[in-house]
Amino acid sequence: MGRIQLKQVKKAFGDVVVIPPLDLEIEDGEFVVFVGPSGCGKSTLLRLIAGLEDTTAGTIEIDGQDATGLPPAKRRLAMVFQSYALYPHMTVRKNIAFPMRMAKMSLQEQNSRIEAAAKALNLTDYLDRRPGQLSGGQRQRVAIGRAIVREPAAFLFDEPLSNLDAALRVGMRMEISELHKKLDTTMIYVTHDQVEAMTMADKIVVLQAGVIEQVGSPLELYRTPRNKFVAGFIGSPKMNLIEGPEAAKHNAATIGIRPEHLTVSPESGDWKGIVGVSEHLGSDTFFHVAVDGFAETVTVRAGGDVDLHYGDAIYLTPDHELIHRFDEKGLRIP
Amino acid sequence: MATKASRSAARIMMAPAVILLLGWMLVPLTLTLFFSFKKYLPMRGDSLEGGLDWVGFENYGRFISSSSFWPSVQTTLIMVGGVLLITVVLGVLLALLLDQPIWGQGVVRILVIAPFFVMPTVSALVWKNMLMDPVNGILAHLWRFFGAEPVSWLSDASMQSIILIVSWQWLPFATLILLTAVQSLDSEQLEAAEMDGAPPLKRFWHIVLPHLSRAITIVILIQTIFLLSIFAEIFVTTGGAFGTRTLTYLIFQRVVDSQNIGLGSAGGVYAIILANIVAIFLMRIVGKNLDA
Ligand SMILES: Nc1ncnc2c1ncn2[C@@H]1O[C@H](COP(=O)(O)OP(=O)(O)OP(=O)(O)O)[C@@H](O)[C@H]1O
Ligand SMILES: [Mg+2]
C-alpha cells in the first residue's frame, strides 16, 4: 500500500514561501513524476513527503493515516538521493543491509533479501566492494537496492539519474520503469528532464515556483496543456509559441504549435520563411526558421531527407486541428 | 612534473630546504649520539677542549638501570595516553556541538580555540596559581562553597592535574581538526541513515564516527609527537615530583641538575627510540585509516 495525500501543504523557509498551499493525491502503485525548472521546489516537496523537512502548514496522509508529525523512519518510505548517499566505509552488502539491521531483522532474512536484490540489480559480483570502487551506474543500483530491501510503501527518487552519462541514463530509466512494473509499489520521481518525465510517468505533476501547474498523464499534458508554461515545458523540442497578428487570427493572445505538427514545403504553404540553423539527427531534421512577421524563430521537424539549407526559402503549414490557443493570462482556450 | 627536465629542476629547487632540514636534524642528533658515548661532567672539570673520555655503552647501562627509568617511561605513556583519550573524546563532542547552528557561533569558536594560543608555561602557571592552588585557587573556593575539603591538586592528584592542564591546551587543536571533518560530512548520508531508521546515536556510531576516523588518526599521530616531549607544564607545576617525572623530564634532570651530559644524552637516545616505537605502533593500528 502506498497512497499519499497532501492537503493544503505549505512550506516556508523563514519568510520565503517556497511552496504555497497545495493539494495532491498519489494513488497506490502509481509512478508519479514531479517535473519543473530548477529551483521550483520539487526537492522540497519530496523532502516534505519523506519527512526530512517539516511542513509549515497542512497535513500529509499516508494510506489514510496522518503522517505529518511522524519522523522519516516511521513513514515506511525509502528515498534514493541524487548523490546516492551511500555509506562510503561499508561494503555494498553492508550498505544494502543497513536499513534491515536498523530494523533488527534476522540475519537469515537479511541475507535472502540482499541476494534477491543483488540478483535483480546485477550487483551480485560487487557485494564485497566499497562504493568508492564502483561506477556511477553501479552506485545508483546499490542505492536502489538499499531502498527496495525495506519493502517500503513508496519509493522517493530525487533526480537519481542526473549524475549519469546520457547512454547510462537511458538504460537506468528502463530499469527503474521495469522495477516499478515488477514491484508495483508507488514511486515518486523528481526530475527536471521532461523526457524522463514523459517516458516513465503514469502521472506527471508540473511545478513552477512551488505551484502545481497541471497534473495528468503524459499524453494529456502533451495534447491539452492547461497553460503556456506546461505547453512550453512538455515536449521536445519545445512547442512554438507565437504572438501578435497571427495569434489574433485565431482569436487568441498566443497560439502554440509543436514542431512535429508543421508541414514543410519548398514551394507553397501558409507561412513563408528563411531557414536558419538546421539540426540533422539522421531520422529527423529540425529547422529553425525565421518566418516573415513573427518575432521569434519557429522550430519545425522534417524528415531526415529534406534537402534545405541555410538561407533557403521555406514554407510551413500548421495542422489547424493541433493549434493550441491561449488567452492573455496564458490559460488554454478550449 | 611530467618531464625529466622539470623533475630535475624541482629537485634542485627543493635542495636548499632539504639540506637545511637535514642539518637542523642531523647536527643535534650526531652531537647527542657523540656525547652519549663520552664521560662528560662539566662540574668535575670535563670539557670539550680538554678532550672527553670514551666510555662505550656505560652511560646507556647506567641510565636504564637507574631506578627512575622504567617509572618515567610508564609515566610518559600514561600521560600521553590520558591526554589523547580526553582530547579525542571531548574533541569529537565539541566538534559536533560547534557544528550546530547556534547563536554567536563565530565568537564561541574563537573562545574554544583560544587556549591553543596561550604559551604552555603561562597556562600551567595560571592553572597552578589561579585554579588549583589549595588555599586561594578558584577550585578551592568552589570546594569550600560546597562544604568540602579543598584538594591540593598538584600534590595529591598530580598526574590527573597535569593531564587536565595539557588536555586543556590540546583540546582546541583536536576540536579544530575534527570540526573540519564533521563539516565535510555529506548531509545526505545522514538523511539517508535517518530514513533507513537509524536513531541519532546509531547515526553517530555508524556514519559520523567512521567518517571521523581519518581525522582522529591525524589528531592522535600529531599530538603524540608533541606530547612525548611535554616539559614546561611539569617544570612549572610539580617539578617532576609526585610521580610526574616523564622520560623527557628525567633527561632534563640528568643534564641540568646532575650536570651529567653523557648520561642525559644516552637518555635522549632512549627517548628517540621510545618515540619511534610509539610512532610505529600507532601507525600500525591507526595508520591503516590513512590509506583508504
Ligand atoms: N534550507 C533552505 N533554506 C532556504 N531556502 C531553501 C532551502 N532549501 C531550498 N530553498 C529554496 O527553495 C526553493 C526550492 O528549492 P528546491 O531544492 O526544492 O528546488 P528544486 O526544484 O529541487 O530545484 P533543482 O531542480 O535545482 O534541484 C529554491 O528557491 C531554494 O533556494
Ligand atoms: Mg532538487
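The values are calculated or read from the model by the stated rules, or taken from the named source; none is laboratory data. What you see is a predicted model, and the numbers here were worked out from it, not measured in a lab. Here the Cβ positions follow ideal geometry from the backbone for every residue, glycine too, while neighbour counts run over all protein chains shown. For the accessible areas, the whole protein counts, side chains as well, though only heavy atoms, and no ligand, DNA or RNA atoms are used. Shrake-Rupley method; radii C 1.70, N 1.55, O 1.52, S 1.80 Å.
Please go through region A:120-131 and give me each residue that is in a helix (DSSP H, G or I) and surrounded by fewer than 16 Cβ atoms within 10 Å (Cβ to Cβ), ordered by number.
First, the residues of region A:120-131 that are in a helix (DSSP H, G or I): A:120, A:124-126, A:131.
Within region A:120-131, A:T124, A:D125 meet the criteria.
So which residues in region A:90-119 are more than 13 Å from every other protein chain (Cβ to nearest Cβ), assigned to a helix (DSSP H, G or I) and open to solvent by 50 Å² or more (accessible area, probe 1.4 Å), if there are any at all?
If the condition is that a residue be more than 13 Å from every other protein chain (Cβ to nearest Cβ), assigned to a helix (DSSP H, G or I) and open to solvent by 50 Å² or more (accessible area, probe 1.4 Å), then A:R93, A:L107, A:Q108, A:E109, A:N111, A:S112, A:E115, A:A116, A:K119 are the ones that fit.
If the requirement is being surrounded by fewer than 14 Cβ atoms within 10 Å (Cβ to Cβ) and assigned to a strand (DSSP E or B), which of these qualifies: A:V300, A:V277, A:V289?
Among A:V300, A:V277, A:V289, only A:V277 is surrounded by fewer than 14 Cβ atoms within 10 Å (Cβ to Cβ) and assigned to a strand (DSSP E or B).
Which residues, taken from region A:219-273, are of a type in the set (F, W, Y) and farther than 15 Å from A:L322 by Cα?
At the first step, the residues of region A:219-273 found to be of a type in the set (F, W, Y) are A:222, A:229, A:233, A:271.
The answer is A:F229, A:F233, A:W271.
Could you identify the single residue in A:I4, A:I49 that is of a type outside the set (K, R), open to solvent by less than 10 Å² (accessible area, probe 1.4 Å), closer than 25 Å to A:V195 by Cα and within 16 Å of ligand 1 (Cβ to nearest atom)?
A:I49
Regarding B:V182, is this residue farther than 30 Å from A:L46 by Cβ, β-branched (V, I, T) and open to solvent by less than 30 Å² (accessible area, probe 1.4 Å)? Give the steps one after another, and end with the answer.
On the way: farther than 30 Å from A:L46 by Cβ: no; β-branched (V, I, T): yes; open to solvent by less than 30 Å² (accessible area, probe 1.4 Å): yes.
Considered against the rule, which asks whether it is farther than 30 Å from A:L46 by Cβ, β-branched (V, I, T) and open to solvent by less than 30 Å² (accessible area, probe 1.4 Å), B:V182 comes out as no.
Taking the conditions exactly as written (assigned to a loop (DSSP other than H, G, I, E, B) and touching a His at 6+ places or on another chain (Cβ under 9 Å)), does A:A295 satisfy them or not?
no
May I ask you to list the residues in region A:189-219 that are away from ligand 1 (no atom under 16 Å from the Cβ), touching a helix residue (DSSP H, G or I) at 6+ places or on another chain (Cβ under 7 Å) and either open to solvent by less than 10 Å² (accessible area, probe 1.4 Å) or in a helix (DSSP H, G or I) (or both)?
Within region A:189-219, A:M198, A:T199, A:M200, A:P218 meet the criteria.
Before we move on, is B:T30 β-branched (V, I, T) and within 23 Å of the chain's Cα centre (by Cα)?
no
Against the definition (loosely packed, with under 15 Cβ neighbours inside 10 Å and away from ligand 2 (no atom under 16 Å from the Cβ)), how does A:A153 come out, yes or no?
For A:A153, the condition - loosely packed, with under 15 Cβ neighbours inside 10 Å and away from ligand 2 (no atom under 16 Å from the Cβ) - is not met.
Just to be sure, is A:A85 over 18 Å from the mean Cα position of the chain (by Cα), within 16 Å of ligand 2 (Cβ to nearest atom) and touching a residue at least 12 places away in the same chain (Cβ under 8 Å)? Spell out the reasoning first.
Details: over 18 Å from the mean Cα position of the chain (by Cα): yes; within 16 Å of ligand 2 (Cβ to nearest atom): yes; touching a residue at least 12 places away in the same chain (Cβ under 8 Å): yes.
Taking the combined requirement at face value, the residue satisfies it.
Starting from residues that are open to solvent by 40 Å² or more (accessible area, probe 1.4 Å) and of a type in the set (A, V, I, L, M), keep the ones in region A:58-89 and report whichever is farthest from the other protein chains (Cβ to nearest Cβ).
A:L70
Conditions: (1) away from every other protein chain (no Cβ under 14 Å); (2) crowded, with 19+ Cβ neighbours inside 10 Å; (3) not in a loop (DSSP other than H, G, I, E, B). A:V17 meets all but one. Number of the miss?
Going through the list (1) away from every other protein chain (no Cβ under 14 Å); (2) crowded, with 19+ Cβ neighbours inside 10 Å; (3) not in a loop (DSSP other than H, G, I, E, B), A:V17 breaks only (2).
Those residues that are of a type in the set (A, V, I, L, M) and at the interface with chain A (Cβ under 10 Å from one of its Cβ atoms), I need them from region B:201-230; list them, please.
Passing the criteria: B:I207, B:L209.
Go through B:A192, B:A198 for me and flag whichever is touching a Phe, Trp or Tyr at 6+ places or on another chain (Cβ under 9 Å), within 14 Å of another protein chain (Cβ to nearest Cβ) and not in a helix (DSSP H, G or I).
None of the other options fit; the residue is B:A198.
Which condition from (1) touching a residue at least 24 places away in the same chain (Cβ under 8 Å); (2) in a helix (DSSP H, G or I) is the one that A:E178 breaks?
(1)
Which condition breaks for B:N260 when tested against (1) without any contact (Cβ under 8 Å) to a residue 40 or more places away in the chain; (2) surrounded by 22 or more Cβ atoms within 10 Å (Cβ to Cβ)?
Going through the list (1) without any contact (Cβ under 8 Å) to a residue 40 or more places away in the chain; (2) surrounded by 22 or more Cβ atoms within 10 Å (Cβ to Cβ), B:N260 breaks only (1).
How many residues does region B:10-60 contain that are in a loop (DSSP other than H, G, I, E, B), open to solvent by less than 100 Å² (accessible area, probe 1.4 Å) and more than 17 Å from B:Q259 (Cβ to Cβ)?
Summing the residues that are in a loop (DSSP other than H, G, I, E, B), open to solvent by less than 100 Å² (accessible area, probe 1.4 Å) and more than 17 Å from B:Q259 (Cβ to Cβ) in region B:10-60 gives 3.
Would you confirm whether any residue within region A:309-322 is closer than 30 Å to A:I212 by Cβ and in a loop (DSSP other than H, G, I, E, B)?
Looking for residues that are closer than 30 Å to A:I212 by Cβ and in a loop (DSSP other than H, G, I, E, B), one finds at least one in region A:309-322, hence yes.
Taking only pairs six or more apart or across chains, which ones have beta-carbon atoms under 8 Å, a first residue in region A:33-45 that is within 14 Å of another protein chain (Cβ to nearest Cβ), and a second residue that is aliphatic (A, V, I, L, M) and near ligand 1 (Cβ under 7 Å from one of its atoms)?
If the second residue must be aliphatic (A, V, I, L, M) and near ligand 1 (Cβ under 7 Å from one of its atoms), the pairs left are A:S43/A:V190; A:T44/A:V18.
Could you please let me know if A:T55 is within 16 Å of ligand 1 (Cβ to nearest atom), among the polar types (S, T, N, Q) and either part of a helix (DSSP H, G or I) or open to solvent by less than 20 Å² (accessible area, probe 1.4 Å) (or both)?
Here the answer is no, as A:T55 does not meet what is asked.
State yes or no: is A:L156 within 16 Å of ligand 1 (Cβ to nearest atom) and more than 14 Å from chain B (Cβ to nearest Cβ)?
No, not satisfied.
Spot the failing condition for A:N163; the list is (1) within 16 Å of ligand 2 (Cβ to nearest atom); (2) more than 26 Å from A:K7 (Cβ to Cβ); (3) more than 14 Å from chain B (Cβ to nearest Cβ), and only one is missed.
Single failed check for A:N163: (3).
List every residue pair whose Cβ atoms sit under 7 Å apart, with the two residues 6 or more apart in sequence or on different chains, where the first one lies in region B:200-216 and is within 13 Å of B:L93 (Cβ to Cβ) and charged (D, E, K, R) and the second, anywhere, is open to solvent by 60 Å² or more (accessible area, probe 1.4 Å) and at pLDDT below 90.
Taking only residues 6 or more apart or on different chains, not a single pair turns up.
One line per residue, one yes/no per condition, for (1) of a type outside the set (A, V, I, L, M, F, W, C); (2) more than 17 Å from the chain's Cα centre (by Cα):
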position	(1), (2)
A:Q8	yes, yes
A:K11	yes, yes
A:E27	yes, yes
A:F34	no, no
A:G39	yes, no
A:A57	no, yes
A:G64	yes, yes
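Give B:R214, B:R203, B:R245 a once-over and let me know the one that is more than 20 Å from the chain's Cα centre (by Cα) and basic (K, R).
B:R203
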